[in-house]
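Q: Here it is: the structure, laid out below.
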Amino acid sequence: MSKDAAGRQPKYLRIAAALKDAIASGEYGPGDRLPGESDLMNTYGVARMTARQAFGVLQAEGLTEARKGAGVFVREFRVGIRRRGIQRLAVEVWSAGGSIWAADGKGRDPGVELIGVSEEAAPQAVAGVLGLADGAPVCVRRRRFLLDGKPVMLATSYLDAALVAGTPVTEPDTGPGGIYARLAELGVGPARFREEVRSRMPGADEAAQLGLAAGTPVVLVCRTAFAADGRVVEVNEMVLDASAYVLEYAFDAPT
């Protein structure tokens, strides 16, 4: 950008740009406190509202977080989880009674909070994927996943209620190996998966449940599990804290 163009920018954008340059150069590293509003007012000769607007730009871009009573800090993007999208779903994990989530958080302290298990009318999109009529009953399992005590993911699984009726899938504790092991006992264990990944900003409830600072995006992963005969046996909609995850997919080149 030319000096003339920069000079025509609103003052708060010029201040925000200067702060971003300082962060990019390492002058302020992850976890460091940035100059306060009063500091910006004195340095740039601006009103307090202008200083706040500059901080608002950085926060909206996910570069900083405000801590009440402490100031504005450079956000720490610490990789909490390397989610190996293919290896984590290996049959040997859940068929042996293992937990996919425990595999993700190996060496850490993974935890799961069950938000609820219920029978509900299938949302139209989910019903279509499961091959059910609109509004058909589905078993819905909602969970919140934590790593070292910090919530990092929300997940909602949808399964045909008629398929899992009377099984541990409808109970709070599904038993060793979880949902997939129970489906295998019904003769419809997952043989193939498809995941769709996209991102967006979180809704208010999602931000609250994940404890997200303003400006933190989420990654959406929708997984469809197929039995060997092609039948869809589960739709799992996941909301991930984008600052906590690296999504890794390792696979052989198609022939």
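The values are calculated or read from the model by the stated rules, or taken from the named source; none is laboratory data. What you see is a predicted model, and the numbers here were worked out from it, not measured in a lab. Positions of Cβ are generated from backbone atoms using ideal geometry, with glycine treated the same way; all protein chains shown enter the neighbour counts.
Q: Of all the helices (runs of 4 or more DSSP H) wholly in segment 1-75, which have at least 3 residues that are modelled with pLDDT of 90 or more? Spell out how you get there, then give the answer.
A: Numbers: elements: 3-8, 11-25, 37-44, 48-60.
Of the helices (runs of 4 or more DSSP H) lying wholly inside segment 1-75, those with at least 3 residues that are modelled with pLDDT of 90 or more span 11-25, 37-44, 48-60.
Q: Here's a follow-up. Going through segment 194-203 one residue at a time, which ones are loosely packed, with under 15 Cβ neighbours inside 10 Å and assigned to a strand (DSSP E or B)?
A: The initial filter retains those residues of segment 194-203 that are loosely packed, with under 15 Cβ neighbours inside 10 Å, namely 194, 196-200, 203.
Across segment 194-203, the qualifying residues are Arg194, Glu196, Val197, Arg198, Ser199, Arg200.
Q: Can you name the residue in segment 175-188 that is assigned to a loop (DSSP other than H, G, I, E, B) and modelled with pLDDT under 95 and, of all such residues, is surrounded by the most Cβ atoms within 10 Å (Cβ to Cβ)?
A: Keep residues of segment 175-188 that are assigned to a loop (DSSP other than H, G, I, E, B), which gives 175-177, 186-188.
Those left that are additionally modelled with pLDDT under 95: 175-177.
Working: Gly175: 14, Pro176: 14, Gly177: 20.
Taking the candidates together, the pick is Gly177.
Q: Go through the residues of segment 152-162 one by one and say whether even a single one is over 17 Å from Phe226 (Cβ atoms), among the β-branched types (Val, Ile, Thr) and more than 18 Å from the chain's Cα centre (by Cα). I'd like the intermediate steps shown before the answer.
A: Our first condition is that a residue be over 17 Å from Phe226 (Cβ atoms); within segment 152-162, this holds for 152-156, 161-162.
When the remaining residues are screened for being among the β-branched types (Val, Ile, Thr), the result is 152, 156.
So of that shortlist, the ones also more than 18 Å from the chain's Cα centre (by Cα) come out as none.
The answer is no, given that none of the residues of segment 152-162 is over 17 Å from Phe226 (Cβ atoms), among the β-branched types (Val, Ile, Thr) and more than 18 Å from the chain's Cα centre (by Cα).
Q: Let me ask you something else. Could you check, for segment 38-45, whether at least one of its residues is at positive phi and under 29 Å from the mean Cα position of the chain (by Cα)? Show your work before the answer.
A: Going through segment 38-45, the residues at positive phi turn out to be 45.
In the following step, the residues that additionally are under 29 Å from the mean Cα position of the chain (by Cα) were identified as none.
No, there is no match, as no residue in segment 38-45 is at positive phi and under 29 Å from the mean Cα position of the chain (by Cα).
Q: Are any residues in segment 179-235 aromatic (Phe, Trp, Tyr) and out of contact with any helix residue (DSSP H, G or I) (no Cβ under 7 Å at 6 or more places or on another chain), and if so, which ones? I'd like the intermediate steps shown before the answer.
A: The initial filter retains those residues of segment 179-235 that are aromatic (Phe, Trp, Tyr), namely 180, 193, 226.
Across segment 179-235, the qualifying residue is only Phe226.
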